[in-house]
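Visitor: One structure is given below, represented as structure tokens, and several questions about it will come after.
The values are calculated or read from the model by the stated rules, or taken from the named source; none is laboratory data. Note that this is a predicted model, so its numbers are computed, not measured. When we count neighbours, we look across all protein chains shown, and the Cβ atoms used for this are built from the backbone with ideal geometry, even at glycine.
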Amino acid sequence: MPYRLYFAAIACLLMFRLPGASAQSGLYAATAFPRLNTPPAAISWINEEGSPLLDTLYRYLLQADSLGLPPEDYNVSYVQTLCDGRQQLPDQNDTAFANQELTCIATQYFHDVAYGRPGLSPVDFNGLHYTPEPPLPVSAQLADAVAEGRFGQFMTRMEPGNSLYRALKKSLQHYRDMITDTLRAPLAARIHAIQAAMDQVRWASRYLAGQPVIIVNLPSADLQFYRNDSLLLYTRVIPGKPATPTHTLCSTITSAELYPYWSVPHRIAVKELLPEQRRNPRFLENNQFQVLDARDRIVNPRHIAWQQLGPGHFPYRLRQSTGCDNAMGIIKFSFNSPYDIYLHDTPSKTLFMFERRFYSHGCIRVEEAMALARILLADKPEVAKSLLSNECLKHQAPETIMLNQPVYIMVLYNTAWPDAFGKVHFYQDIYNLQHFNI
């Protein structure tokens with residue numbers, strides 16, 4: 001391999017040449033492409049017959065802004081110099097060098113269009129070990145499209161088509177059209193929030209393509225349940241308060257439990273319930289809490305010296321009995337995570353009326369929990385029939401129901417997010433994670 005082609009392959013992995021630099025100059029724009037572990041086979045963007053493919057690529061790159069992607073990440077100015085002839089290619093090695101660089105640019109660009117920018121993982125816990133990587137690498141899809149004369153339709157194939165993405169893209173264009181000198185700063189914050197949300201939707205795009213998936217967005221405090229891009233349920237939720245925030249995650253809902261116990265997390269037991277019991281020796285009994293020892297035997301709370309217990313010494317587990325006043329409500333939905341949290345019903349329905357409704361200890365309370373249950377358990381007719389009423393029945397024992405088909409859940413954090421009608425709203429950065437000041 002001529003040294004300049006070898007250098008081009010290395011440059012493809014590390015950085016791009018600055019506009020106007022020669023192949024020999026070694027001047028490159030610092031734009032890293034960490035997903036390109038090996039340089040893709042070069043496509044002939046420029047050859048003796050001209051550069052019609054390059055012109056199409058340049059037109060695609062000019063759409064970066066409208067797609068919520070930063071044009072500077074793809075060295076658009078360098079591509080422009082090749083299109084208009086300002087970047088000279090004196091010999092075949094220079095042409096081969098340019099073709100290798102252009103292939104790297106195109107590969108990374110279409111990867112980001114379809115699956116989000118490299119290194120993005122918007123969740124604290126990825127229980128699915130999910131990555132948005134396609135079954136066929138983008139470089140191979142790109143090469144096939146060029147070879148088969150389909151490059152003119154390649155953007156349509158790669159860009160996400162789900163309703164969340166379309167709503168965000170439309171909103172992005174709306175705010176870009178509104179920009180003036182006086183509105184530039186406040187609108188820029190909203191544009192950044194939309195761009196961040198578009199990247200998260202791209203990241204989730206493979207699971208939005210067909211499988212049933214529940215998406216909880218924390219700042220908007222809502223839940224959307226999709227199947228084949230059809231919205232099955234939209235409902236309000238109550239996430240964690242700022243002191244006990246709900247973690248972002250992706251996981252799988254595997255079961256529902258009717259009339260569940262509430263097993264009180266240790267931190268809540270010692271920080272909140274223990275002080276209440278010290279002040280009022282009948283607090284636990286009055287609120288239907290059971291005390292269990294290390295062997296899960298129920299202990300009479302009147303036989304415990306509560307004043308001698310504390311965070312460093314609390315050898316008990318607290319559990320709230322099933323019933324209409326149970327903090328879990330009538331039903332909870334379980335999924336794997338290290339945070340001991342659930343989606344669940346609640347007896348405190350009035351809190352859903354508040355626009356700013358962040359009151360939980362980290363679990364996610366669902367306003368229409370029974371409607372969600374009827375969808376998840378629709379293939380269990382007898383169970384679904386028993387869920388037609390939202391009324392709480394007394395003296396019910398817990399009943400765990402396994403889902404025949406587990407359902408993906410993604411808990412995300414976006415301060416710009418579409419509602420059930422596709423209108424994008426902007427929300428307070430309640431956990432102070434995005435700093436967009438919208």
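Visitor: Could you check, for segment 378-393, whether at least one of its residues is without any contact (Cβ under 8 Å) to a residue 12 or more places away in the chain, charged (D, E, K, R) and not in a loop (DSSP other than H, G, I, E, B)?
Guide: Yes; the residues of segment 378-393 include at least one that is without any contact (Cβ under 8 Å) to a residue 12 or more places away in the chain, charged (D, E, K, R) and not in a loop (DSSP other than H, G, I, E, B).
Visitor: To continue, here is another question. From Arg190, Arg206, which residue is under 14 Å from the mean Cα position of the chain (by Cα), basic (Lys, Arg) and outside any loop (DSSP other than H, G, I, E, B)?
Guide: It is Arg206.
Visitor: With the checklist (1) surrounded by fewer than 18 Cβ atoms within 10 Å (Cβ to Cβ); (2) assigned by TED's automatic domain parsing to the domain that holds Ile215; (3) of a type in the set (Gly, Ala, Ser) in hand, flag the one item Gly329 doesn't pass.
Guide: So the condition that Gly329 fails would be (1).
For (1) of a type outside the set (Asp, Glu); (2) assigned to a helix (DSSP H, G or I), each residue gets a yes or a no:
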position: Ala42; (1), (2): yes, no
position: Thr56; (1), (2): yes, yes
position: Leu69; (1), (2): yes, no
position: Asp73; (1), (2): no, yes
position: Thr81; (1), (2): yes, yes
position: Phe110; (1), (2): yes, yes
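Visitor: Restricting attention to segment 133-156, does a residue exist that is within 28 Å of Gly362 (Cα to Cα) and surrounded by 20 or more Cβ atoms within 10 Å (Cβ to Cβ)?
Guide: No, that holds for no residue.
Visitor: Ok, one more. Restricting to segment 265-286, count the residues that are more than 20 Å from Lys241 (Cβ to Cβ) and touching a residue at least 24 places away in the same chain (Cβ under 8 Å).
Guide: Qualifying residue count, segment 265-286: 4.
Visitor: Every residue in segment 157-174 that is surrounded by fewer than 17 Cβ atoms within 10 Å (Cβ to Cβ) and basic (Lys, Arg), please.
Guide: Arg157, Arg166, Lys170 - these are the residues of segment 157-174 that are surrounded by fewer than 17 Cβ atoms within 10 Å (Cβ to Cβ) and basic (Lys, Arg).
Visitor: Continuing with the same structure: Consider segment 52-73. How many of its residues are crowded, with 18+ Cβ neighbours inside 10 Å and within 24 Å of the chain's Cα centre (by Cα)?
Guide: Adding up the residues that qualify gives 5.
Visitor: Going by what's in this entry, would Leu208 be described as in the same structural domain as Thr248 (by TED's automatic domain parsing), closer than 23 Å to Tyr109 by Cβ, modelled with pLDDT of 95 or more and touching a helix residue (DSSP H, G or I) at 6+ places or on another chain (Cβ under 8 Å)?
Guide: Spelling it out, it is not the case that Leu208 is in the same structural domain as Thr248 (by TED's automatic domain parsing), closer than 23 Å to Tyr109 by Cβ, modelled with pLDDT of 95 or more and touching a helix residue (DSSP H, G or I) at 6+ places or on another chain (Cβ under 8 Å).
Visitor: If Asn99 passes every condition in (1) modelled with pLDDT of 90 or more; (2) not in a helix (DSSP H, G or I) but one, which one does it miss?
Guide: (2)
Visitor: So, restricting to strands (runs of 3 or more DSSP E) that lie completely within segment 233-323, which ones have at least 1 residues that are surrounded by 14 or more Cβ atoms within 10 Å (Cβ to Cβ) and over 32 Å from the mean Cα position of the chain (by Cα)?
Guide: 289-292, 317-320
Visitor: I've got another one for you. Go through segment 112-156 and count every residue that is hydroxyl-bearing (Ser, Thr, Tyr) and in a loop (DSSP other than H, G, I, E, B).
Guide: 3
Visitor: Just one of the numbered conditions (1) assigned by TED's automatic domain parsing to the domain that holds Leu393; (2) touching a helix residue (DSSP H, G or I) at 6+ places or on another chain (Cβ under 6 Å); (3) among the acidic types (Asp, Glu) is not true of Glu276; which one?
Guide: Here Glu276 clears every test but (1).
Visitor: Something else now. So Ser77 ticks every box in (1) among the polar types (S, T, N, Q); (2) at pLDDT below 90; (3) within 39 Å of the chain's Cα centre (by Cα); (4) part of a helix (DSSP H, G or I) but one. Which box is left unticked?
Guide: Evaluating Ser77 over (1) among the polar types (S, T, N, Q); (2) at pLDDT below 90; (3) within 39 Å of the chain's Cα centre (by Cα); (4) part of a helix (DSSP H, G or I) leaves (2) as the failure.
Visitor: Now for a separate question. Restricting attention to segment 209-225, report how many residues are part of a loop (DSSP other than H, G, I, E, B) and closer than 17 Å to Gln405 by Cβ.
Guide: Total meeting the criteria: 4.
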